[in-house]
Protein chains: 4
Amino acid sequence: MSKGKLNVAMIGSGFIAKVHSNAFRQVGHFFDIPYEVCCKVICGRDRAKLETAASRWGWSEVETDWQKIITRNDIDAVDIAVPNVLHSAIAIAAAEAGKIVLCEKPLASSLEEAEAMTKAVQHIPNMVWFNYRRIPAVVFAKQLISEGRIGQTFHYRALYLNQSGNDSSKGNTWRYKRSEAGMGAAGDLLSHSIDLALYLNGSITELSAMMHTFAPGRDVDDATLLLARFANGSIGTFEATRYGVGCQNRNTFEVNGSKGMLGFTLDDMNQLDFFDATEPANLQGSRCIAVTALAHPYGQNFWKPGHVLGYEHPFIATLGDFLNSIARQEPFHANFEDALAVQRILHAVERSATSRGWVSVEGQTA
Amino acid sequence: MSKGKLNVAMIGSGFIAKVHSNAFRQVGHFFDIPYEVCCKVICGRDRAKLETAASRWGWSEVETDWQKIITRNDIDAVDIAVPNVLHSAIAIAAAEAGKIVLCEKPLASSLEEAEAMTKAVQHIPNMVWFNYRRIPAVVFAKQLISEGRIGQTFHYRALYLNQSGNDSSKGNTWRYKRSEAGMGAAGDLLSHSIDLALYLNGSITELSAMMHTFAPGRDVDDATLLLARFANGSIGTFEATRYGVGCQNRNTFEVNGSKGMLGFTLDDMNQLDFFDATEPANLQGSRCIAVTALAHPYGQNFWKPGHVLGYEHPFIATLGDFLNSIARQEPFHANFEDALAVQRILHAVERSATSRGWVSVEGQTA
Amino acid sequence: MSKGKLNVAMIGSGFIAKVHSNAFRQVGHFFDIPYEVCCKVICGRDRAKLETAASRWGWSEVETDWQKIITRNDIDAVDIAVPNVLHSAIAIAAAEAGKIVLCEKPLASSLEEAEAMTKAVQHIPNMVWFNYRRIPAVVFAKQLISEGRIGQTFHYRALYLNQSGNDSSKGNTWRYKRSEAGMGAAGDLLSHSIDLALYLNGSITELSAMMHTFAPGRDVDDATLLLARFANGSIGTFEATRYGVGCQNRNTFEVNGSKGMLGFTLDDMNQLDFFDATEPANLQGSRCIAVTALAHPYGQNFWKPGHVLGYEHPFIATLGDFLNSIARQEPFHANFEDALAVQRILHAVERSATSRGWVSVEGQTA
Amino acid sequence: MSKGKLNVAMIGSGFIAKVHSNAFRQVGHFFDIPYEVCCKVICGRDRAKLETAASRWGWSEVETDWQKIITRNDIDAVDIAVPNVLHSAIAIAAAEAGKIVLCEKPLASSLEEAEAMTKAVQHIPNMVWFNYRRIPAVVFAKQLISEGRIGQTFHYRALYLNQSGNDSSKGNTWRYKRSEAGMGAAGDLLSHSIDLALYLNGSITELSAMMHTFAPGRDVDDATLLLARFANGSIGTFEATRYGVGCQNRNTFEVNGSKGMLGFTLDDMNQLDFFDATEPANLQGSRCIAVTALAHPYGQNFWKPGHVLGYEHPFIATLGDFLNSIARQEPFHANFEDALAVQRILHAVERSATSRGWVSVEGQTA
């Protein structure tokens, strides 16, 4: 049986476009996918940079005007890997042209954009690259929670710490400007933590947040902290910062429940810590599970038990699952709707930081 | 040279009285102290229990009425190891009788009591058993911060998690009742975290907190969470809970600064993690320092390098330092004043939890 | 400038052929390489399996007779990924036909084969897939040792533990048969540890070994242990086993020297532990370096600092370095000569296990 | 009921005498013991040092001639805490005088001495301070092994690494001289590892060892390494060194069995790692058990769950158990017989290191 071709356009040529390119190149090596993926065109502002990226990753053509991509009939899917403020125009145009839309997180630079985008893709296959959802250890955590292995949740606790803000060489890039990024650490880092929290622990009903900027003159948050109440009765703390000196990319969560505890840190992404409080008292202990067994999520897709995965594999798995969901006409998550839920939380965070009090997360349903 | 005798009365006969008794028995073995400590009398409600404790720990007499202790001329020091609500009456009476006063934390069951107590001991040697201040790793952390080894502080982050609240056998003890304990996790656990934060990172100017009770019918907090601003410009998160299933006694702090990071957890109390961001990029990493060298705090007092300390040693060190401070007429910390500062934070926490907004910590000076 | 084509034939279609295939697919994405790699033909015994592998990984043709590959003029390089006992015939034939030869480890199933193979490739670009040499943390360890950061070496200590032998489902595969594998844990696991030891700590002069088989009727070693003396005056212990229940793929080394210590474990392959004994006593501690900085080996090739690599990346790096070495006519390691040195140690191990005494490693030069 | 007095004489006034003194002072605080322990006299060569020790630890008298102690009728028990070469004369004399004999490890400076000593105490209560046997985590490991929780043992692996040998300030003390210590790292460090191995895994039948001295002119081993076969069919590796730079007191063991794995390190002495291979594949992981629960060994003796012990507590537990064993006329381990078994292994180690081959451990029974 011959597979249908899926012609892809990549909008963007920076770091994350490299990561997505790798996913398009690798997805067929590790997943049975219903399409022959064709890396058709890569689009950006700087032609020289595009030529290099195209040559390196095998994009057939380069293009500097994204609007030309939208009007081409030979493009099936548009992948958006550009600064946040540009997401909405491209996504909406692509959706209106009937393209499949893939978008880097955070979905948008404002709640309004996110809402418009979500509406636009309503009848179009769509996804957002919340890559950490497909780390095997994270999927396995979700599975254990769903099976009731930690019982009723009491506490959810997440950190996302990096040290980029303290590095003066980075302060002038788009991620540090409100006009291009919309938010700082909140959009860049906290959005990941919130997405995982909603995925693992359900919706947040209200929160109290603070946003803080350490660098003089910077107009986005360097650090955002919040306390939250979840619909399931548990309570949570979140901390996202670019001034977590000593941490390059420390993304962690812990969940305490009536029957046990789960813990994850991206530094050791192939592991999940599980404490089973139903064991006899003298045998209780946090066990470090190497989530690389055949029986684990994606355990059949990559290497062998005990052979670890790296940063790029969850992107490959995200793409593999998304392509299959399209062909099977099944729902896929995280989609724009899911990312809109994250954006609503970020919006509530801003409202709370301004009002200096608790706010409810309007419009969110459990 | 013969030493003066110090006749001690212990008020209390529970777990913490046992820990204090051990400190009185051991202090002379590991510290040069200016007194001959005499364990004179142990006082409590249950005579049989007292007899057992006296026989085990070598208290010469037992007594069931603490007020009789206060009026005895042969008692030099009174150590208070009873439920929180009883602290103030005993401490004030002892101070008025001119006794040296030692008091278990938290200082009191309310801010008003704490203020009265602090006033009462103004001219009397006094201390509060904030034992964690004298863990060698904690003292060493303080030293590194003071030396500027982590630079300007950005973030302070503390957890104190235990799982006692989820254990139905414990719910009926005094620690779970407002009338005896004043507060729940906040007084029991958070007070430790706050004391260490004030010690290590200076005063807190404002905070936003939530208090939550998981168990139906319980009238104290099972968990207290807060966000804080410190006078030095850093921001902090605190979480204290009795529903941290999976954690028996997890007391941690982390500090991120412009030049590095420090991390401590009570589970590994003989270690301090230090990340030095001034090292060359390729040699940076969090180093795990075994704080047992001769050059470390209390490195000459106990065993040899590489020979670890346990839970009781910081109590012994606290007592050793306190006794010397009396003889030398030097200030000692944590004293009632320090513990009052903690109580002010706890009070602000309650106000914030009620008002659902940020509150300033009145009366506190940096 | 257009690149020359490099037509590759893969001999083998099992797990390791998949890993090599990935390296051929990925090398150009992360390394500047002087060739256009063409995945020409994949060769094995089972045509159906080959078709699947070819389709998945993009091998243009399939072939079931490896000898036909050797005589083709359009094949530039032959990659050998078949059971050990087949390595020598293929490698020698390929070398005689002037092909570039890549060979999976261990080089051969006997010392005699290894010697003949090494002689055969003398004037041919050749390499052996000792992949762990190119883990960034391992390369960085080598760099620190070379810079004298741990001083004179005292101890070298290596473990390679897996639990495959205790899994009855695996006992019938070629790795457990002398006729196909030559050795058991020694060839499969210990060969890796020895290669790293020779790379990091120089040559071994004498050793005392034991080989042990736990499973009744099995004719290869399940576990091999040895003590060793190195030419640099240090002493070593090695343990390789398939009965290390609890360990899926635990490959570790530690080196103690006069100025410090290094430690590595494959489970945390993105980290290197470094203890600097030249620091002040109170600041000494084993620091865990995340070997993902731009300044680290291969730090510019893959992702960003703090973004971890997985099992396959060292294979990609091995291939990238090898292809560049060919074009630049520079030496490449590990080559057949290096693998022969490993084989000599394995041979000495067998002699020692038989003679139950120390043996010198003949023919090895420092 | 009044307790009988037990008058104790301490022979020695160095570090280990301090540790034993602490045990005598503390034992009654944590154990129900059948005697009133009286610290009667401390004996050594240097009167000034003795006076200090006596005053600090409450020994009633000082004495500089150990032989005078032996002839005193008012001494019930003699505790030997002097350099190894002095153990046998004192122990034999004390036994002949009918004293209870306690002796620091290793039992003696030679096998001959150890045999004579063991014979001498045959009808006398006796013990050797192999303190690590009474770390709760070690006792719990023994319990899990006995319950069959790790099944048939395959591998036993022990390290005892310190860095004292590399510290030139220590090279001139008695521990580095054959005439006073008998052996170097073997007697000092390896003896501990061997005792634990015999306790946990049963007797050793044969071994192959190497002893190495790094320091020029030193006449004892700086490092001793060995491979071993146990009577239960498992195989073992041992490494003891004073040149383990980076490790102050790293005493570890690991056991792999058909059903699981156990791991212990003295650096984290309150923890035991347990891997249960009978769990479902996706839930397997090494769990870190905090061995401080009420249900754990000595869980009722010291503090509360989650409150850690330090270096001295196993000494206290050793003494508590020993005193009870005397009163109950029950066997106690480790006694001289057990320590003699260790000495036989050390002797075999020396024979093997000399003969450069495997030797059987004569006279040892399983």
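The values are calculated or read from the model by the stated rules, or taken from the named source; none is laboratory data. None of these values were measured; they are calculated from a predicted model. Virtual Cβ from ideal backbone geometry, glycine too; neighbours counted across all protein chains shown.
Checking the conditions here, which among C:Asn270, C:Asn335 is closer than 21 Å to C:Lys142 by Cα and more than 14 Å from every other protein chain (Cβ to nearest Cβ)? Break it down stepwise before answering.
Working: C:Asn270 fails: more than 14 Å from every other protein chain (Cβ to nearest Cβ).
Selected residue: C:Asn335, the only one of C:Asn270, C:Asn335 that is closer than 21 Å to C:Lys142 by Cα and more than 14 Å from every other protein chain (Cβ to nearest Cβ).
Exactly one residue out of D:Leu346, D:Leu319 is closer than 25 Å to D:Asn22 by Cβ and under 23 Å from the mean Cα position of the chain (by Cα), and it is D:Leu319. Selection over region B:157-172 of residues that are within 13 Å of another protein chain (Cβ to nearest Cβ) and either surrounded by fewer than 17 Cβ atoms within 10 Å (Cβ to Cβ) or closer than 22 Å to B:Val255 by Cβ (or both) gives a count of 9. The set of residues in region D:303-322 that are assigned to a helix (DSSP H, G or I) and not acidic (Asp, Glu) comprises D:His313, D:Pro314, D:Phe315, D:Ile316, D:Ala317, D:Thr318, D:Leu319, D:Gly320, D:Phe322. A single entry from C:Val291, C:Val359, C:Val342 fulfils the requirement of being modelled with pLDDT of 95 or more and under 30 Å from B:Ser286 (Cβ atoms): C:Val291.
Just to be sure, is C:Lys40 in a strand (DSSP E or B) and either away from chain A (no Cβ under 12 Å) or out of contact with any Ser or Thr (no Cβ under 6 Å at 6 or more places or on another chain) (or both)? First the steps, then the outcome.
Numbers: in a strand (DSSP E or B): yes; either away from chain A (no Cβ under 12 Å) or out of contact with any Ser or Thr (no Cβ under 6 Å at 6 or more places or on another chain) (or both): yes.
Considered against the rule, which asks whether it is in a strand (DSSP E or B) and either away from chain A (no Cβ under 12 Å) or out of contact with any Ser or Thr (no Cβ under 6 Å at 6 or more places or on another chain) (or both), C:Lys40 comes out as yes.
When residues in region B:87-111 are screened for being of a type in the set (Lys, Arg) and more than 20 Å from the chain's Cα centre (by Cα), 1 of them pass.
Go through region A:210-237 and give me each residue that's within 8 Å of chain B (Cβ to nearest Cβ), hydrophobic (A, V, I, L, M, F, W, C) and under 23 Å from A:Asn162 (Cβ atoms). Matches in region A:210-237: A:Met210, A:Phe214, A:Ala223, A:Leu225, A:Leu226, A:Leu227.
Residues checked against (1) buried (at least 20 other Cβ atoms within 10 Å of the Cβ); (2) touching a residue at least 40 places away in the same chain (Cβ under 8 Å):
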position	(1), (2)
D:Leu272	yes, yes
D:Phe275	yes, no
D:Pro280	no, no
D:Arg287	yes, no
D:Tyr298	yes, yes
D:Pro314	yes, yes
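The listed residues are A:Asn282, A:Asn301, and the only one of them that is more than 10 Å from chain B (Cβ to nearest Cβ) and either of a type in the set (Lys, Arg) or over 23 Å from the mean Cα position of the chain (by Cα) (or both) turns out to be A:Asn282. Summed over region C:112-133, residues that are within 17 Å of the chain's Cα centre (by Cα) and more than 23 Å from C:Val27 (Cα to Cα) total 3.
Taking the residues in region D:285-298 that are over 27 Å from A:Ala137 (Cβ atoms) and touching a Lys or Arg at 6+ places or on another chain (Cβ under 9 Å) as candidates, determine which candidate is farthest from the other protein chains (Cβ to nearest Cβ). It would help to see each step written out before you state the result.
Here is the first cut: in region D:285-298, the ones over 27 Å from A:Ala137 (Cβ atoms) are D:292-298.
Among the residues that remain, those that are also touching a Lys or Arg at 6+ places or on another chain (Cβ under 9 Å) are: D:292, D:294, D:297-298.
Numbers: D:Thr292: 7, D:Leu294: 7, D:Pro297: 9, D:Tyr298: 12 Å.
For region D:285-298, the residue satisfying everything is D:Tyr298.
Which of the residues that make up region B:195-219 are among the charged types (D, E, K, R) and either surrounded by 23 or more Cβ atoms within 10 Å (Cβ to Cβ) or part of a strand (DSSP E or B) (or both)? Full working, then the answer.
Kept after step one, since they are among the charged types (D, E, K, R), are these residues of region B:195-219: B:195, B:206, B:218-219.
Answer for region B:195-219, where residues must be among the charged types (D, E, K, R) and either surrounded by 23 or more Cβ atoms within 10 Å (Cβ to Cβ) or part of a strand (DSSP E or B) (or both): B:Asp195, B:Glu206.
In the condition set (1) at pLDDT below 95; (2) among the charged types (D, E, K, R); (3) buried (at least 20 other Cβ atoms within 10 Å of the Cβ), D:Lys304 is compliant with all but (3).
For residues in region A:179-194 being out of contact with any Lys or Arg (no Cβ under 8 Å at 6 or more places or on another chain) and buried (at least 23 other Cβ atoms within 10 Å of the Cβ), which is farthest from A:Glu350 (Cα to Cα)? Out of the qualifying residues, it is A:Ser193. Considering only residues in region A:241-267 that are away from chain B (no Cβ under 11 Å) and crowded, with 21+ Cβ neighbours inside 10 Å, the one that is nearest to A:Asp167 (Cα to Cα) turns out to be A:Asn249. Within the bounds of region B:322-329, is there any residue that is crowded, with 20+ Cβ neighbours inside 10 Å, out of contact with any helix residue (DSSP H, G or I) (no Cβ under 7 Å at 6 or more places or on another chain) and more than 29 Å from B:Ala91 (Cα to Cα)? The answer is no, given that none of the residues of region B:322-329 is crowded, with 20+ Cβ neighbours inside 10 Å, out of contact with any helix residue (DSSP H, G or I) (no Cβ under 7 Å at 6 or more places or on another chain) and more than 29 Å from B:Ala91 (Cα to Cα).
When residues of region D:1-37 are filtered for being polar (S, T, N, Q), away from chain B (no Cβ under 11 Å) and under 22 Å from B:Phe302 (Cβ atoms), how many remain?
1
A count restricted to region B:1-37 and to residues that are more than 23 Å from the chain's Cα centre (by Cα) and in a helix (DSSP H, G or I) stands at 0.
Of the residues A:Glu96, A:Glu61, which is farther than 28 Å from A:Ala186 by Cα, without any contact (Cβ under 8 Å) to a residue 24 or more places away in the chain, surrounded by fewer than 17 Cβ atoms within 10 Å (Cβ to Cβ) and among the acidic types (Asp, Glu)? Write out each step before concluding.
Working: A:Glu96 fails: without any contact (Cβ under 8 Å) to a residue 24 or more places away in the chain.
Step by step, each of A:Glu96, A:Glu61 is checked, and only A:Glu61 is farther than 28 Å from A:Ala186 by Cα, without any contact (Cβ under 8 Å) to a residue 24 or more places away in the chain, surrounded by fewer than 17 Cβ atoms within 10 Å (Cβ to Cβ) and among the acidic types (Asp, Glu).
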